[in-house]
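All remarks here apply to the structure that follows.
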Amino acid sequence: MAGSSAARFAPRIARLREAMAARGCDAFLADHAELIAWICGYTVSETLYRAVIVPMDADPCFVLRSIDAGPCRAGVWFDEVVTFDGHEDPHGAVANALAAHGLAAARIGVDPASYGHTVATAQRLAELLPDARFVPLPGVSDRLRACKFADEIDAIAAAAAIADRCMLGLEGHVPPGRTVREVAAAAAAAQLWLGADDGGPGPILVSGSHGTGGHVDFLHGSGLDRTLMPGDILHVELTPRVGNYGARLMRPVFVGDPPAGARETFQQLAELQDRQIAAMRPGAAARDVDALLRTAVLDAGLRADYGNVTGYAMGLYARTPRPSDFSQSFHPGADFRLEAGQVFHMYVSARGVAVSETVLVTEGEPRLLTTCPRRPMEG
């Protein structure tokens, strides 16, 4: 494989092996989609079980179904790709590969919190490799990836630039009479043209109950076929990915003249969030950063309650059950401290209005990777 490709992934493998060594592991079995992509450059859905074996002192080995072998070999930086046919036992293929590497009686690290490492998978591998000891490293698949390398930050920044351009491109093109579906389709097409991996723009829907103090959890509603009317607030969240790395951006789009107080609500939320983002420095306690926004929003009477988090981890998104990464999120019980290199989607909403940014924690001041003007968009 190209030396530059191997060099790119060497620091990641070193970080993984450090975690392995701390638990006395001879190898690690990666079956979490994002971790697989992070350590080898290619990932695939779990139509059938697949995994990457990372020995302590040898290159990794990818085990997956034969139909996916071509793109896998083209995407990874190492040579060994072991395949099985669609009618064969995936767990048996992984067990055979472990045995072929002399690991049938080894200490093999696994992440029991991985979406790929189900109870059935753990039981089956234990049956197939009775002499092996599977060592749990809970949450390691997310924890290793929390602080981003420079190339990861570059990819997230590229996705953020697409979100900025797409959001600004909607301005002036959301008049009354247009459907939400038409706006979502335009945003999806724009993201593809601008270089995103796929066209999914994220939730785009009419937010409701402005000024009532009622529904604030409107961000994941439906209603694509609703026709926009004067006075509607269209909630737009853009979620482009570049090389599987995502950024996110929320802005309200005012369709005609907005409801009374909507502009003021946005301004209040943006100012309170500015204070929160300014506090996102290395060493800051996540619960304290959360409280800066949560408490201020409640004290201002903008919301009657605050059940959702105020931010969550951003980075690599592969084909897993989760559309958002809450492995590190901001809430009253959050027990982690911020570190340089972490990236978060910070968001706030109230009274039908929402605003969010993708934020990089640096050694100095936090950096907004999304740079769209912090104001409502005019439809």
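Brief remarks follow.
- Estimated translational diffusion coefficient (Stokes-Einstein, Kirkwood radius over Cα pairs, 37 °C, 0.692 mPa s) of the range 256-302: 280 µm² per second.
- Ser66-Leu224 pseudo-label distance in nm [points 7 Å out on the Cα-to-Cβ vector]: 3.7
- Take the Kirkwood radius over Cα pairs of the range 218-269, plug it into Stokes-Einstein at 37 °C and 0.692 mPa s, and you get 254 µm²/s for translational diffusion.
- Spin-label model distance (nm) - Ala150 vs Arg287, 7 Å beyond Cα toward Cβ: 3.7
- Residue-span extension gain [Ala74 to Leu368] - 0.36 nm each, minus C-alpha spacing: 102.4 nm
- Of all DSSP beta bridges in the chain, antiparallel share, percent nearest 5: 75
- Burial ranking of peptide ranges 229-237, 94-102 (average Cβ count within 10 Å, highest at the top): 229-237, 94-102
- All-pairs alpha carbon distance profile, the range 32-82, 10 Å steps from 0, percent: 27, 64, 9
- Note on the chain: Kirkwood radius taken over Cα pairs, Stokes-Einstein applied at 25 °C and 0.890 mPa s, translational D equal to 110 µm² s⁻¹.
- Prolate/oblate/rounded call for the range 285-379, Cα gyration tensor, a/c under 1.5 rounded: rounded
- Portion, in percent, of the accessible area of the chain that falls on carbon or sulfur, probe 1.4 Å: 53
- The residues of the chain present an accessible area of 41 Å² per residue when probed at 1.4 Å with all protein chains retained.
- Calculated FRET efficiency for the pair Arg263/Arg178, C-beta based, R₀ 25 Å, to 0.05: 0.70
- Value of [θ]222 nm, deg cm²/dmol, for the chain, DSSP H segments ≥ 4, -39500 (n - 2.57) each, nearest 500: -10500 deg cm²/dmol
The values are calculated or read from the model by the stated rules, or taken from the named source; none is laboratory data. The shown structure was predicted, so the numbers you read here are calculated from the model rather than taken from an experiment. So basically every Cβ, Gly included, is an ideal-geometry build from the backbone, and we count neighbours across all protein chains shown. The protein model used for the area step is the full one, side chains on, heavy atoms only, and it has no ligands, DNA or RNA in it. Shrake-Rupley method; radii C 1.70, N 1.55, O 1.52, S 1.80 Å.
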